[in-house]
Each structure stands twice: as structure tokens, then as C-alpha cells.
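Worksheet for the structure shown next.
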Amino acid sequence: QVQLVESGGGLVQAGGSLRLSCAASLRTFTNNGMGWFRQAPGKEREFVAAIDWDDASTYYAKFAEGRFTISGDNAKNTVFLQMNGLKPEDTAMYYCAAKTFRGSLRYYASYGVWGQGTQVTVSS
């Protein structure tokens with residue numbers, strides 16, 4: 001049973017924008033942060049952005065700095081990812097996740113609950 005559901009992906013032209021959403025489904029769960037990861041075919045999953053619920057601090061991968069913005073609502077276990085200035089290399093399946101384990105917000109293994117993913121495709 002899916003606990004997180006992403007939406008907002010799609011096909012956009014280079015330079016365009018997308019706003020991804022992720023919300024808890026059916027139940028809430030204990031977590032100390034939420035994040036976004038992405039994975040392109042043939043490539044490893046990589047960190048995109050995260051928000052720490054303890055102090056609402058945000059963290060970004062270098063490729064996301066200045067272009068992507070993560071925001072969220074801890075009470076609703078909801079996060080968003082505003083992506084501007086999209087590039088073809090941003091094309092990937094984007095997953096949101098809830099951090100349920102102690103560890104780095106930048107490390108996928110720190111997250112125990114994942115969504116099904118939403119596809120982002122950026123054309124040149």
C-alpha cells in the first residue's frame with residue numbers, strides 16, 4: 001500500500017518549469033524529514049533536495065542549487081519541489097521519500113518510505 005504519492009511530472013522544454021508534489025496517502029508516519037531523489041535509466045539514484053523537519057532547513061544537490069526549491073508541511077507530510085530552468089539532463093523519474101532512519105538527508109538509505117515516482121522529461 002502506497003504511503004506517499006507524487007504528482008506534477010510531465011514533458012517540458014528546456015528552460016521550462018515544473019512543480020512536483022508529494023503527499024502522504026491513507027496514514028501518517030513518524031519521520032524527521034522528507035526529500036526528493038531522481039533516477040534516470042541506466043544511472044544510479046541520486047539525491048535532489050531535502051527538508052529537515054527539525055528546523056525546516058533545506059538541502060540541495062549541486063545541480064539543483066539555484067534552480068530547484070523544496071518546501072513542505074510536516075503536519076501533512078507533504079513536500080513540493082519547484083523546478084525552474086530545467087535542462088535535458090534533469091530527465092528522470094523523481095521520487096519523494098520520508099526520512100525514517102538516522103542518517104544523512106542526502107543518503108537514500110536514510111529514507112524508509114517512498115512514493116511511486118513521477119516522470120520528468122525535458123526536451124532540448
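With protein chains left intact and a 1.4 Å probe, residues in region 33-77 average 53 Å² of accessible area per residue.
Solvent-accessible area of ARG67, all protein chains in place: 30 Å² (probe radius 1.4 Å, heavy atoms, ligands and nucleic acids excluded). Its Cα centre serving as origin, region 1-106 has a Cβ charge dipole (Lys and Arg +1, Asp and Glu -1) of approximately 160 debye. These residues, ASP54, ASP73, go from largest to smallest accessible area, 1.4 Å probe, as ASP54, ASP73. With contacts taken as Cα pairs under 8 Å and at least 6 residues apart, the chain reaches a relative contact order of 36 percent. Lysine pairs in the chain whose alpha-carbon atoms fall under 20 angstrom of each other, counting only those eight or more residues apart or on distinct chains, come to 4.
With both labels modelled 7 Å from their Cα along Cα-to-Cβ, the SER7 to PHE29 distance reads 2.0 nm. Expressed to the nearest 5 percent, the antiparallel share of DSSP beta bridges inside the chain is 90 percent.
The values are calculated or read from the model by the stated rules, or taken from the named source; none is laboratory data. All values reported here derive from a predicted model rather than from experimental measurement. A quick note on method: Cβ atoms are made from the backbone with ideal geometry, for glycine too, and the neighbour counts reach across all protein chains shown. Accessible surface areas use protein heavy atoms only, side chains included; no ligands, DNA or RNA. Shrake-Rupley method; radii C 1.70, N 1.55, O 1.52, S 1.80 Å.
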